[in-house]
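Here is the structure we will look at.
The values are calculated or read from the model by the stated rules, or taken from the named source; none is laboratory data. Please read all numbers here as calculations on a predicted model, not as lab measurements. Reconstructed Cβ throughout: ideal geometry from the backbone, glycine too, with neighbour counts over all protein chains shown.
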């Protein structure tokens, strides 16, 4: 039972501290949609997604009204499309276009799963699929794409890493009129998870049930406010405060997730408790770290503070739900976090420090604008570095960088909405092309042999 204090506390979290359900994401299996031709398959895909997700927006709005908790995004994730288009890879784009039409018909924000899993090797049909990603992202509005190029068990597929550096560059070029915005819908993973509700990396894993509801909850402002109430607490006590706050946030997410699954005739999957910031003041992960005592995020101590935050969030979440999953931790997307933006503009936060931070947080180098003339091989090397952190530490890492055409260090770019704005950040100009061009596979670490 909720008492009066619980109700008032929740109302305050929503109205003043930016507590929200960041996304309700329906995962849909497309495996039964494979037909004799690409055209038949594309039509099956469109019909299946429209049928299964037809009420997702309506149900989300109903739940938001009934429980008083904002539900920001309504999304769909699907089986990695490279698997669905394998019999006719040259026509993969037909399925992508069908998915985009379905997303518009449903009125959802984004649809994820235009994806490929090539962490151990790249088949011929997957090469063709990956080569077509830039054109697909440039010609659609709501499709998100991801490629998993490594894992702790298989190592890092450097041939795929090379391809993805080139894909990022080509995507930026094809969306140059929008400052390379297509790259905001393209993420490169190591150790990708199958139940991630957040874009651009969401896809519906082949080990999942037919139709699943995953919910992403976010509340950086709630955590910061809780810490403000104990400014002199030692770090052990601060971690306890974060854990208790994460517990409360997760319970709200589970309530919404279970009810949404029931109404949409789907299985309840997971609650992803990720502190996902927005460009709005009061909704920043960077400001949590600064509340802990770092003058400006990026300063020495930032990585330690982030490690504590990420761990406490996970501990609080798993006590609140037996189905915590996805990424569940703290996100550090530069353009989407007002504190990160300010620190980058002030020269206090750079890519090298962000890379160190990714060793202890939920994902990786995220929503970072870099000079448009950055070579594809340098982007590939950045991807390889992040993948190595994920592989060795047995965690998910990712890269979502935007080489902004025609812009360089000192310029800035405005993406708008939740994608925010970003200063162009410098990258190391040392040439990594010989390393990238070697190709092959970086072997899995010795500790991957656990059987």
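Check whether at least one residue in segment 59-77 is over 28 Å from residue 221 (Cα atoms) and at pLDDT 95 or above, and report yes or no. No, segment 59-77 has no match at all. The conditions of being touching a helix residue (DSSP H, G or I) at 6+ places or on another chain (Cβ under 8 Å), crowded, with 22+ Cβ neighbours inside 10 Å, over 27 Å from residue 381 (Cβ atoms) and at pLDDT 95 or above are not met by residue 116. Within segment 206-226, can you find the residues that are farther than 12 Å from residue 26 by Cβ and more than 15 Å from the chain's Cα centre (by Cα)? Correct list: 206, 207, 219, 220, 221, 222, 223, 224, 225, 226.
The rows are residues; the columns are (1) in contact (Cβ under 8 Å) with a residue 12 or more places away in the chain; (2) within 23 Å of residue 129 (Cα to Cα); (3) touching a strand residue (DSSP E or B) at 6+ places or on another chain (Cβ under 9 Å).
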position: 36; (1), (2), (3): no, yes, no
position: 43; (1), (2), (3): yes, yes, no
position: 46; (1), (2), (3): yes, yes, no
position: 57; (1), (2), (3): yes, no, yes
position: 65; (1), (2), (3): no, no, no
position: 68; (1), (2), (3): yes, no, no
position: 71; (1), (2), (3): yes, no, yes
position: 74; (1), (2), (3): yes, no, yes
position: 79; (1), (2), (3): yes, yes, yes
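If you go through segment 379-423 and keep only what is out of contact with any helix residue (DSSP H, G or I) (no Cβ under 9 Å at 6 or more places or on another chain), farther than 30 Å from residue 448 by Cβ and assigned to a helix (DSSP H, G or I), you end up with just 417. Filtered by the rule that a residue be more than 24 Å from residue 405 (Cα to Cα), assigned to a loop (DSSP other than H, G, I, E, B) and under 28 Å from the mean Cα position of the chain (by Cα), segment 424-448 gives 439, 440, 443, 444, 445.
Where helices (runs of 4 or more DSSP H) fall entirely within segment 81-174, those with at least 2 residues that are without any contact (Cβ under 8 Å) to a residue 40 or more places away in the chain are at 124-131, 158-174. All conditions but one from (1) under 20 Å from residue 195 (Cβ atoms); (2) under 19 Å from the mean Cα position of the chain (by Cα); (3) surrounded by fewer than 23 Cβ atoms within 10 Å (Cβ to Cβ) apply to residue 142; the one that does not is (1). Listed by first and then second residue, the pairs with beta-carbon distance under 9 Å, at least 6 apart or on different chains, first residue in segment 326-346 and in contact (Cβ under 8 Å) with a residue 60 or more places away in the chain and on the phi > 0 side of the Ramachandran plot, second assigned to a loop (DSSP other than H, G, I, E, B) and surrounded by 24 or more Cβ atoms within 10 Å (Cβ to Cβ), are 326/196; 326/197; 326/198; 326/202; 326/274; 326/362. The requirement of being in contact with a strand residue (DSSP E or B) (Cβ under 6 Å, 6 or more places away or on another chain) and surrounded by 24 or more Cβ atoms within 10 Å (Cβ to Cβ) is fulfilled somewhere in segment 277-291, by at least one residue. Within segment 211-239, the set of residues being part of a helix (DSSP H, G or I), free of Cβ contacts under 8 Å to residues at least 60 places away in the same chain and surrounded by fewer than 17 Cβ atoms within 10 Å (Cβ to Cβ) comprises 236, 237. Scanning segment 192-208 for residues that are free of Cβ contacts under 8 Å to residues at least 24 places away in the same chain and over 17 Å from residue 83 (Cα atoms) returns no hits.
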